[in-house]
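K.L.:
Dropping a structure here in structure tokens format, bear with me for questions.
The values are calculated or read from the model by the stated rules, or taken from the named source; none is laboratory data. On a predicted model such as this, the values are computed, not experimentally measured, just so you know. So basically every Cβ, Gly included, is an ideal-geometry build from the backbone, and we count neighbours across all protein chains shown.
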Amino acid sequence: MDIFSIIFSFIFGTIIGSFLNVVSLRFNTGVGINGRSKCMSCGETLTWKELVPLFSFFIQKGACKKCKSKISWQYPLVEFIAGGIFVLIFLTFPPNDSLTTFVTLLQMIIACILLVITVYDVKHKIIPDQFSYAFSGLAMVGLFVGGTSWFHVPSMSALLAGPILAAPFALMWLISKGTWMGLGDAKLALGIGWLLGISAGINALILSFWIGAVLSVLWLFVVYKKFKPKTEIPFGPYLILGMYLVLLFHVQVFDFNLLKEIIMSYF
């Protein structure tokens, strides 16, 4: 991919990221996404100059031009992450023809859904069913479309990957009655399994637990200056981060093919 395409995909991603901020903030509030953006403090309708992704935030020094109230860092952070993910998707799934373009668009839509899930889970400690079901549905579409043909029948292991990855989370939710893990995490793992497959999916889960454990402990000590075991910490963002480390960077913490070869060598 040439530098122009990379720049374009980043700019396009930041624009979409700005829209995703609106979706995550207005979802389930009774406010539609069609209305003009306004300052959360004074209610002043924002002009187009105040809505330019990334630049507006820094030009205005992170404050409303009228009431001077601070603007959340969520806005530029989501815009920047969306731009970065779009670049990585274009590099990993380059749109060379109609089929690969479809796969690229599918991955971009999935990224948008997962970014909204991340923001909403961080803010509200819950993963809305509408988004997790949409993600799982699109991940299943990816089982039948892609590769070298518009339609192919996935293997049984590919079909079972979703339920297999979701099962441990559902079991923890059932045993703990929701105190250890939310059912939304199981629904999220369902889509991750269909998107990555069993081997890569398990690698993503391992990464999620490792990263989640380290960052959660650090966060607790930074915020509370001590460890608080009953603090509710959203796990969805860690699942998504682990998934993208495997999908986009091919991070592997455990080689299941090597394990299979070792086991088969004894028979």
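K.L.:
What are the residues in the stretch 1-56 that are aromatic (Phe, Trp, Tyr) and closer than 30 Å to Asp97 by Cβ, if any?
P.N.:
Correct list: Phe4, Phe8, Phe10, Phe12, Phe19.
K.L.:
Follow-up question, since we're still on this one. Look through the stretch 203-256, keep the residues that are at pLDDT below 80 and assigned to a helix (DSSP H, G or I), and return whichever of them is surrounded by the most Cβ atoms within 10 Å (Cβ to Cβ).
P.N.:
This residue is Leu220.
K.L.:
Picking from Ser56, Ser24, Ser98, Ser41, which residue would you name as being buried (at least 18 other Cβ atoms within 10 Å of the Cβ), over 23 Å from the mean Cα position of the chain (by Cα) and either of a type outside the set (Phe, Trp, Tyr) or under 23 Å from Pro237 (Cα atoms) (or both)?
P.N.:
Ser56
K.L.:
Okay, next question. Given (1) surrounded by 14 or more Cβ atoms within 10 Å (Cβ to Cβ); (2) farther than 15 Å from Gly242 by Cβ; (3) among the small types (Gly, Ala, Ser), where does Ser176 come up short, assuming only one miss?
P.N.:
(1)
K.L.:
While we're on this one: So which helices (runs of 4 or more DSSP H) stay within the stretch 1-98 end to end and still have 1 or more residues that are touching a residue at least 60 places away in the same chain (Cβ under 8 Å) and either in contact with a helix residue (DSSP H, G or I) (Cβ under 6 Å, 6 or more places away or on another chain) or in the same structural domain as Asp121 (by TED's automatic domain parsing) (or both)?
P.N.:
Once the helices (runs of 4 or more DSSP H) in the stretch 1-98 are filtered for at least 1 residues that are touching a residue at least 60 places away in the same chain (Cβ under 8 Å) and either in contact with a helix residue (DSSP H, G or I) (Cβ under 6 Å, 6 or more places away or on another chain) or in the same structural domain as Asp121 (by TED's automatic domain parsing) (or both), what remains is 3-26, 74-92.
K.L.:
I'm trying to understand the selection: among the residues of the stretch 145-164, which are in a helix (DSSP H, G or I) and aliphatic (A, V, I, L, M)?
P.N.:
Met156, Ala158, Leu159, Leu160, Ala161, Ile164
K.L.:
Go through the stretch 165-192 and count every residue that is part of a helix (DSSP H, G or I) and without any contact (Cβ under 8 Å) to a residue 40 or more places away in the chain.
P.N.:
The number of residues fulfilling the criteria is 13.
Let's see how each residue does on (1) touching a Ser or Thr at 6+ places or on another chain (Cβ under 8 Å); (2) under 23 Å from Tyr120 (Cα atoms); (3) not assigned by TED's automatic domain parsing to the domain that holds Leu106:
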| residue | (1), (2), (3) |
| --- | --- |
| Gly191 | yes, yes, no |
| Ile211 | no, yes, no |
| Trp219 | no, yes, no |
| Ile240 | yes, yes, no |
| Asp255 | no, no, no |
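K.L.:
Can I ask one more? Go through (1) farther than 19 Å from Phe10 by Cβ; (2) assigned by TED's automatic domain parsing to the domain that holds Phe131; (3) of a type in the set (A, V, I, L, M); (4) surrounded by fewer than 16 Cβ atoms within 10 Å (Cβ to Cβ) for Leu105 and report which single condition fails.
P.N.:
(1)
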